[in-house]
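Here's the structure, in structure tokens; my notes come after.
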Amino acid sequence: MSKLYKKMQEAVLEGDEDVVVELVQEAIDEGLNAEEILNDGLIEAMNEVAVLFRDGDMFVPEVLMSANAMQAGNGLLKPLLVQGVSEKKGRIVIGTVEGDLHDIGKKIVGMMLEGAGFEVIDLGMDVKPDRFIGALKETEATMLGMSAMLTTTMTVMPVVIERMKKEGFGHVKVMIGGAPVTDAYAQQIGAHYSYDASSAVELAKRLAEELKA
Ligand code: B12
């Protein structure tokens, strides 16, 4: 791996937002691919943060600093990831479910979907079932993406899906993801699962084709 990505990962781990922004800009100026910078520089660092947090070697305030540093880097990459798309492939409402304040992964999924030509309406985090339903009404989106990072909040997903069925949005395709979510869980609640942002794009394309058929 290049020295630049190694430095970027270290800066994310240290939660040094200014340095992350500087290094992401340097990578862009060097002509490196935006998706590669995201994966090898930023996401790789958050994976390391996850391990340190799990093992008790990093605590919430530090994780938050790393998260903010990463998001600052994402901000520079977003325009590059979404440029050059002409025809829209479909409209997707996405959000992190009620009670859950994790939004990095969901934002990345949103960014990559936009990059692939989808129109994304991001409702943010801690999104109540009512808000998801309201957004489907307002936007007439044909797909909904939900993220949950806690075992205690993933249970909100089937609640939203039940509400959707009751309120006439049973035709909307539902995509779910996040650390505790599995393919088996998705099947159980009538949704589609994908593991990361690239596979979420593949899944969304497949679902968009199904909607057309
Ligand atoms: C960063 C982080 C935080 C940050 C969040 C900052 C932010 N703005 O998001 C802060 C510090 C706020 C935080 C708080 C907490 N956290 Co936290 N956090 C994490 C950590 C370390 C990394 C998550 C992350 O950003 N990963 C990087 C991104 C790129 O990956 P990702 O989120 O998995 O997303 C990818 C895929 O999952 C998928 N995906 C995600 N969403 C979606 C949606 C769709 C539709 C699709 C298709 C795909 C998809 O694609 C993404 C991109 O590739 C995880 C560890 C882990 N293993 O995930 C713990 C983790 C999720 N947190 C955990 C806990 C316990 C907490 C707290 C309760 C801690 C506390 N004591 O206060 C609080 C809860 C706050 C709340 N109410 O939500 C636990 C959850 C345990 C569990 N099973 O429930 C974890 C697993 C850590 C652990 N091992 O204990 N956390």
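The values are calculated or read from the model by the stated rules, or taken from the named source; none is laboratory data. Computed from a prediction, not measured in an experiment: that's the story for all the values here. With ideal geometry, Cβ positions are generated from the backbone for all residues, glycine too; neighbour counts draw on all protein chains shown.
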Does any residue in region 186-203 that is closer than 19 Å to residue 172 by Cβ and assigned by TED's automatic domain parsing to the domain that holds residue 156 come within less than 7 Å, Cβ to Cβ, of a residue that is at pLDDT below 95 and part of a loop (DSSP other than H, G, I, E, B) six or more places away or on a different chain, and which pairs are these? 201/116
With the structure loaded, tell me whether residue 109 is crowded, with 20+ Cβ neighbours inside 10 Å and within 17 Å of the chain's Cα centre (by Cα) or whether it fails that test. yes
Please pick out the residue among 8, 58 that is more than 20 Å from residue 106 (Cβ to Cβ) and free of Cβ contacts under 8 Å to residues at least 24 places away in the same chain. 58
Condition check for residue 126: surrounded by fewer than 22 Cβ atoms within 10 Å (Cβ to Cβ), more than 18 Å from residue 74 (Cβ to Cβ), assigned by TED's automatic domain parsing to the domain that holds residue 144 and within 11 Å of the ligand (Cβ to nearest atom): yes
Do any helices (runs of 4 or more DSSP H) lying entirely in region 1-96 carry at least 3 residues that are away from the ligand (no atom under 13 Å from the Cβ) and closer than 22 Å to residue 121 by Cα, and which ones are they? 60-82
Which ones in region 47-101 are outside the structural domain of residue 30 (by TED's automatic domain parsing) and over 30 Å from residue 209 (Cα atoms)? 99, 100, 101
Among the listed residues 176, 121, 133, which satisfies the condition of being more than 26 Å from residue 39 (Cβ to Cβ), in contact with a helix residue (DSSP H, G or I) (Cβ under 8 Å, 6 or more places away or on another chain) and without any contact (Cβ under 8 Å) to a residue 40 or more places away in the chain? 133
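Considering only residues that are more than 20 Å from residue 134 (Cβ to Cβ) and out of contact with any helix residue (DSSP H, G or I) (no Cβ under 6 Å at 6 or more places or on another chain), look in region 80-103 and name the one that is surrounded by the most Cβ atoms within 10 Å (Cβ to Cβ). Explain how you work it out, then say what you get.
The first filter runs over region 80-103 and keeps only residues more than 20 Å from residue 134 (Cβ to Cβ), leaving 80-89, 101-102.
Narrowing the set further to residues that are out of contact with any helix residue (DSSP H, G or I) (no Cβ under 6 Å at 6 or more places or on another chain) leaves 83-88, 101-102.
Working: 83: 10, 84: 8, 85: 14, 86: 5, 87: 5, 88: 11, 101: 12, 102: 19.
Only one residue fits best here, namely 102.
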